[in-house]
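Everything below concerns the one structure shown next.
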Amino acid sequence: MLRFAVRRLLGLIPTLLIIVVVSFLVIRLAPGSPFASERGIPPEVLVDLKAKYGFDRPLHEQLVNYVWRLMRGDLGLSTKYPNRTVNDLIADGLPATLLLGVCALAWALFLGIGAGIIGAIRQNTGWDYGFMTLAMVGISLPTFVLGPVLVLIFALTVYVLPPAGWGDLRHVVLPALTLGTAYAAYIARLTRAGMLEVVRSDFVRTARAKGLPEHTIVFRHMLRGGLLPVVTYLGPATAHLLVGSVVVEKIFATPGIGPYFVDAAFNRDYFVVMGIVVLESSFLLVMNLLVDLAYGFMDPRIRYE
Amino acid sequence: MRRSAFALLSVTLVVSVVSGCTRGDSNYYGTVEPKHGPDEIWSNLGPEPEYIDPGKSSDHTGGTVIINLFAGLLQPHPATLEPMPDLAQSWDVADEGKSYTFHLRPTTWSDGTPLTAADFVYSWRRILDPSTASKYASFLYPVRYGEMFNSRAVLVKGLGSATEADFKVLVEKTVPVDSLRMAPELDGAFVLVAGDDDARGPAREKLVRALQGASWSGHTLSASVVTSDIVAVRAPDPLTLVVDLESPVPYILNLLCFSATMPVPRHVLERLASEKKSTDLWTRPEYIVSNGPYRLMEWRFRNYMLLEKNPRYWDAAHVRTQRIRWNMVESYNTILNLYEAGELDTIGNTANIPAEFMDTLRTTGDFATAPLNTVYFYWVNTKAPPMDDARVRNALRLAIDRVSLVTHITRGGQVPSSDIVPDGLAGYAGLKSPVFDPERARKLLAEAGYGPNKPLPTITLTYNTSEGHKQIAEAIQAQWKETLGIPVEIENQEWNVYLRNLKSHNFQLARLGWVGDYPDPFTYLELLTKNSGNNHSQWSDPRYEDLLRRANLKTVKSERMALLREAEARAVEQAPLIPVYVYTRSELTKPYLMGDVINFENRHYLKYWWIDKRWYDGVPTTRLDHGFPPRPKQLMAAGEAN
C-alpha cells in the first residue's frame, strides 16, 4: 500500500513536467504580447520591459529557466500586476477560493448523497422522481443563472445575505450554494445509480438475511459499494472546485483565483497562466491518486501490491 | 418541473425590478439611507490597478488611485478640469513659453519628510529613465531632452559648424541611423541608432567607441549615451522648480495635472534599495508614503483598498471625508446589485451600466450622464486599396447614419460625430461636419470611379471581440450596403491579436477608441501625425503637420484654435479615420453622496466627496450644493500667469 502510494507519487513528477513543457510552449505560440497596448510604448522602454521578464532570451532558454525556478518553488513575475509575483497572487487568492470550494463541496456531498440514497431506497416513488427531476434541473441550470436568481431572492428581495463581496461567512453562503448545486445534482444521480447496483447484490441480501437493521445495511454495506462511482467523480471535481470558478467568483466578486486563468490568458500574462496550470494539474494528479487509494478502503476486492 | 423553474425565475425577476424601484423613495434605485457613518464612503474602483506608482502607471484605475493619493504641481477643477494651483503656488513663464519656474509651497510627505523641488526632479528623471520602463514616459517628452534620454540617444559633441548631412555620413559609416537631431546649443547632435531590440544596444556601444576622442574635420569629438542629468528640469532651491521645454506647449498646465507628473517619495525608494528590497514594493501599504489628500491604509488584491485622510496634505482642511473604501468589483451586474443593496454609494468610474438596464435606470434620481473625452472611430488603412483613395474613405465616412446608430444600437446617449475633436473641448468650437450625407457619399464614390459597372471590391471591417462593437459593426455594414451598395465583411479578433494586426497594418478598417490625454484639441490631432506612434492609418500629410506646428507656436488662443480647426478640417476630408461618436459616461450615485460629478476625463477627486447627513433621517426635499471651489480665473492660461 505504502509502496504503491510512493511509486505513484514519484510517477506524478514526469507527468507534471510534460504538462509544464507543453503548456509553456502552447501559451507562447498564441499571437500577441503581454505588453501590447493601444498606446505606443517607447522602443527603449519595451527593451527593458522584456529584459525584466527574460523575454529577450531564446525560448528554449526561457523554458529551462522556468523549470529550474519552478523546482525551487518560484513561479515567476506577473506581467499584468508587475509588482507581484505569481506566488503572491496565488497566496492572495487561494484562501478565498479554498474556503469557497470546501463549502461548495460539503454542500454538494450533503445534498447529493442524501438525495441519492433516498432516491435509491425509495426507488420509483414520488421521492425518487422528485429528487431526480430536481437533480436534472440542477445539472442543467448554469451557475450564471442560478447565482443571480439566488441573489435576487436572498439579497435584493429579502435582505438576509449580502449580494456579493467577501469578508465574513455570510459572504460564502450564496456563492457556495451556487457553485455546489450542479455538483450536488451530479452526485445525487451517481449515488442513486451506484446504490441501485448493489441493492440487489448478494452481500446486501446476506446482510438482510442476518437480520441487520435497515440503517446498518444502507450505511455500512450498501453505501461503501454504492459510492464508488461518486468517489471516482470526486477526484477531478474536487480539483476543479479548489481552483475556483470564473463565473461564480465574478458574480459574487470573490477575491479568489477563479478568474486568474482566463484573465491571464487574455492578458498574455504567461507566468500566471503557467502558475495556474501547475496548481490545477498538481491538484488533479494528487486527487486522482487519493481516489485510487480510496478504492482500497471502499471495495474489499481491490488490493494494492 | 423545467417550466416551473422558469416560472420561478421570471417571478423573481419581476419582484426584483419592482422592489428596486419602490423601496425607499420611488425616484431612486434601491436604498437611499447610507449603510455607514457620515465620515465614510464606499465606492467601487473596478479592476485591480496595474501600478499605483505615478512613474509607472498607465491604466485608468491606477490613475484614479494616484490622483487621490498624490498631489502634483497643479490640480484640475473637479467639474471643469481647468488647472488650479496645487503644490505650485505660482509660476513664471519665460523664453516665449519655453521655460517655466514653479514656486512650490512648503509641504511634507505623509511621513513628515519635507517635499522639495528635488523630489520633482528625481521623479521626472525617473519616469523618463528607460530602465524604469514606464509606458507613459512620453508624457514628459515636452521637457527638453526628455525624449533623448528616454530613447537612449548618443550625444556627440564638438561638431562645430558641421552640417547635418556631413555628420550623418560620418555616423552611418559605423552604425545604421534611425534619426539625428542637431543640438547647436550643445555644440553637438543626438543620434538614435536603428535596428532590432537586441541590436541597438551593441550599436550604441560601437558608435561611442568609434567617435569618442575621434578627430573629424579639425574637431575632437566626444560621444556618450545621454544620462538623466541632461533632462532640463532643475531645482535651484528646495522650493523652486525650473523646467525648460523643447518648444512652447500651450496645454502644459493641463499636462501638469496628470498623474504621471506627480512626485514619488525618493527617500522611501532609496531606503528600500539600501535594504536590498525591490523598489517596486514602495507602493505597498506597509511602505507607501504619499503627499495627496489620502493615504493608503490597506490594499487587498482584487478585493478592496482602504484610504484615510492625510492630515499632512497641504489642503487637508478642505478634504471632507475621513475614510474611503474602494471595492474592486469588476462584473457590472454585480456592481448594480451591490449598489441597489446600498453596499456601494456609487458604481464608480469604471463600471458601465449594461444597455438593457439603461431605459429603467435613466428615470431614477441616481442617474447622471455626460460626454467624455473619448472618440469611437475606425482606422482606415490608407495604403490598402481601394482605401488609398481619399474619396472612397470620405464616402465611407459620410455613409454612416450615426444618429440612427446611437438611438437604436448603443442607446447610451452617445453624441454622433463625424469630427476628430469632440465639440466644445477646452473652448474649441468643433467643425460640426455633417454626421450623415448619403448624397455626397454616393457622388464621391462615383468620382472615384466606382459604380454599377465597377463595384467596389469587398472591404473588411475588423473589431475586437465584444458584443457592443459587433452590433455597431453590423449596423454600419448594413448602412454601407444600403447607401453605397458596397459589400462589407465584418470580422472580430481577440484584443491581443487585434492590436498586433493593427500595429502591423494588417487590416482595412479597424475599430478603436481614443481617450484624450489632456483637454486640448491637439491630443486628438497629434494622433494623425506621422511620428505619433499611434497613427495606424499610414496617412501622413505635410500640409496637416505644418498647420499643427504653426498652431502650437501661436500664443494667442483664438489664432491657435483657428489653425487647429483648419488642420482638423483637412484631416476630416482626407478621412484616415472614420469617427462614429463621442462616448458618454453614465453613472449611478446615491443621492446622499455629494461632490462626485462626471467630468470630461472621467476623473473623480475624492477630496470633494461628502455625505449629506440629512438622508439618515429620511428623504430631504431639496438638493444641497456640491461645494466645489470657484472656477479658476482665465489668467491661468499659459504665458499669462504671474
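The values are calculated or read from the model by the stated rules, or taken from the named source; none is laboratory data. Every value quoted in this text rests on a predicted model; they were computed, and no experiment measured them. Because the Cβ atoms are built from the backbone with ideal geometry, glycine has one as well, and the counts that use them run over all protein chains shown.
General remarks:
- Just one of the listed residues (A:178, A:191, A:254) is in a loop (DSSP other than H, G, I, E, B) and polar (S, T, N, Q), and it is A:254.
- Taken over region B:460-492, the residue count meeting the criterion of being over 23 Å from the mean Cα position of the chain (by Cα), assigned to a strand (DSSP E or B) and buried (at least 19 other Cβ atoms within 10 Å of the Cβ) is 3.
- Residue count for region A:129-141, restricted to those that are touching a residue at least 40 places away in the same chain (Cβ under 8 Å) and either within 15 Å of residue A:192 (Cβ to Cβ) or more than 10 Å from every other protein chain (Cβ to nearest Cβ) (or both): 7
- Only one of A:77, A:59 that is more than 10 Å from chain B (Cβ to nearest Cβ) and either touching a residue at least 12 places away in the same chain (Cβ under 8 Å) or over 17 Å from residue A:90 (Cβ atoms) (or both): A:59
- Residue within region B:59-72 that is of a type in the set (Ser, Thr, Tyr), within 30 Å of residue B:627 (Cα to Cα), more than 14 Å from chain A (Cβ to nearest Cβ) and not in a strand (DSSP E or B) present: yes
- Scanning region B:110-136 for residues that are charged (D, E, K, R), more than 14 Å from chain A (Cβ to nearest Cβ) and crowded, with 21+ Cβ neighbours inside 10 Å, we see that the one that is nearest to the chain's Cα centre (by Cα) is B:125.
- The residue list B:155, B:69 contains one member that is in contact with a strand residue (DSSP E or B) (Cβ under 6 Å, 6 or more places away or on another chain), buried (at least 18 other Cβ atoms within 10 Å of the Cβ), over 29 Å from residue B:348 (Cα atoms) and aliphatic (A, V, I, L, M), which is B:155.
- Any chance residue A:28 is of a type in the set (D, E, K, R), part of a helix (DSSP H, G or I) and in contact with a Gly (Cβ under 7 Å, 6 or more places away or on another chain): no
- Only residues that are farther than 13 Å from residue B:262 by Cα, assigned to a loop (DSSP other than H, G, I, E, B) and of a type in the set (Val, Ile, Thr) were counted across region B:101-118, and they come to 1.
- Being in contact (Cβ under 8 Å) with a residue 24 or more places away in the chain, under 22 Å from residue B:147 (Cα atoms), out of contact with any helix residue (DSSP H, G or I) (no Cβ under 8 Å at 6 or more places or on another chain) and aliphatic (A, V, I, L, M) is a property that does not hold for residue B:502.
- Matching residues, region B:184-197, being part of a helix (DSSP H, G or I) and within 30 Å of the chain's Cα centre (by Cα): B:197
- Odd one out for residue B:167, checked against (1) part of a helix (DSSP H, G or I); (2) over 26 Å from residue B:244 (Cβ atoms): (2)
- Residue within region A:24-34 that is away from every other protein chain (no Cβ under 14 Å), crowded, with 17+ Cβ neighbours inside 10 Å and touching a helix residue (DSSP H, G or I) at 6+ places or on another chain (Cβ under 8 Å) present: yes
- Of all residues in region B:144-170, those being among the hydrophobic types (A, V, I, L, M, F, W, C) and within 14 Å of another protein chain (Cβ to nearest Cβ) number 4.
- Test: residue in region A:218-228 that is under 20 Å from the mean Cα position of the chain (by Cα), closer than 15 Å to residue A:120 by Cβ and in a loop (DSSP other than H, G, I, E, B): yes
- From the options A:49, A:70, residue that is without any contact (Cβ under 8 Å) to a residue 40 or more places away in the chain and buried (at least 18 other Cβ atoms within 10 Å of the Cβ): A:49
Each row is one residue, and each column tells you yes or no for (1) more than 12 Å from every other protein chain (Cβ to nearest Cβ); (2) in contact with a helix residue (DSSP H, G or I) (Cβ under 9 Å, 6 or more places away or on another chain); (3) closer than 25 Å to residue A:6 by Cα.
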{"site": "A:231", "(1), (2), (3)": "yes, yes, yes"}
{"site": "A:239", "(1), (2), (3)": "yes, yes, yes"}
{"site": "A:250", "(1), (2), (3)": "no, yes, no"}
{"site": "A:258", "(1), (2), (3)": "no, yes, no"}
{"site": "A:263", "(1), (2), (3)": "no, yes, no"}
{"site": "A:267", "(1), (2), (3)": "no, yes, no"}
{"site": "A:271", "(1), (2), (3)": "yes, yes, no"}
{"site": "A:289", "(1), (2), (3)": "yes, yes, yes"}
{"site": "A:292", "(1), (2), (3)": "yes, yes, yes"}
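- Any chance residue A:21 is farther than 30 Å from residue B:134 by Cβ, away from chain B (no Cβ under 14 Å), surrounded by 13 or more Cβ atoms within 10 Å (Cβ to Cβ) and out of contact with any Phe, Trp or Tyr (no Cβ under 8 Å at 6 or more places or on another chain): yes
- Selection count, region B:262-314, where residues are in contact with an Asp or Glu (Cβ under 7 Å, 6 or more places away or on another chain), of a type in the set (Lys, Arg) and away from every other protein chain (no Cβ under 14 Å): 2
- Within region B:334-354, the residues that satisfy the criterion of being more than 7 Å from every other protein chain (Cβ to nearest Cβ), farther than 11 Å from residue B:46 by Cβ and not acidic (Asp, Glu) are B:336, B:339, B:342, B:344, B:346, B:353, B:354.
- You will find that of B:553, B:525, the residue that is more than 20 Å from residue B:388 (Cβ to Cβ), surrounded by fewer than 16 Cβ atoms within 10 Å (Cβ to Cβ) and either without any contact (Cβ under 8 Å) to a residue 60 or more places away in the chain or out of contact with any Ser or Thr (no Cβ under 6 Å at 6 or more places or on another chain) (or both) is B:553 and no other.
- Taken over region A:73-93, the criterion of being aliphatic (A, V, I, L, M) and crowded, with 18+ Cβ neighbours inside 10 Å is satisfied by A:75, A:77, A:86, A:89, A:90.
- Inter-residue pairs, beta-carbon under 7 Å, first over 24 Å from residue B:192 (Cα atoms) and in region A:21-44, second assigned to a loop (DSSP other than H, G, I, E, B), 6+ apart: A:30/A:268; A:32/A:268; A:33/A:268; A:34/A:79; A:34/A:268; A:34/A:269
- Look at region B:171-196: where a residue is within 13 Å of residue B:155 (Cβ to Cβ) and polar (S, T, N, Q), no partner that is at pLDDT below 95 and assigned to a strand (DSSP E or B) sits 6+ places away or on another chain with Cβ atoms under 7 Å.
- Residue B:139 being modelled with pLDDT of 95 or more and either assigned to a loop (DSSP other than H, G, I, E, B) or within 12 Å of another protein chain (Cβ to nearest Cβ) (or both): no
- The residue that is nearest to the other protein chains (Cβ to nearest Cβ), among those in region A:142-191 that are of a type in the set (Phe, Trp, Tyr) and surrounded by 22 or more Cβ atoms within 10 Å (Cβ to Cβ), is A:166.
- The lone criterion from (1) under 18 Å from residue A:101 (Cβ atoms); (2) part of a helix (DSSP H, G or I); (3) within 14 Å of chain B (Cβ to nearest Cβ) left unmet by residue A:235 is number (3).
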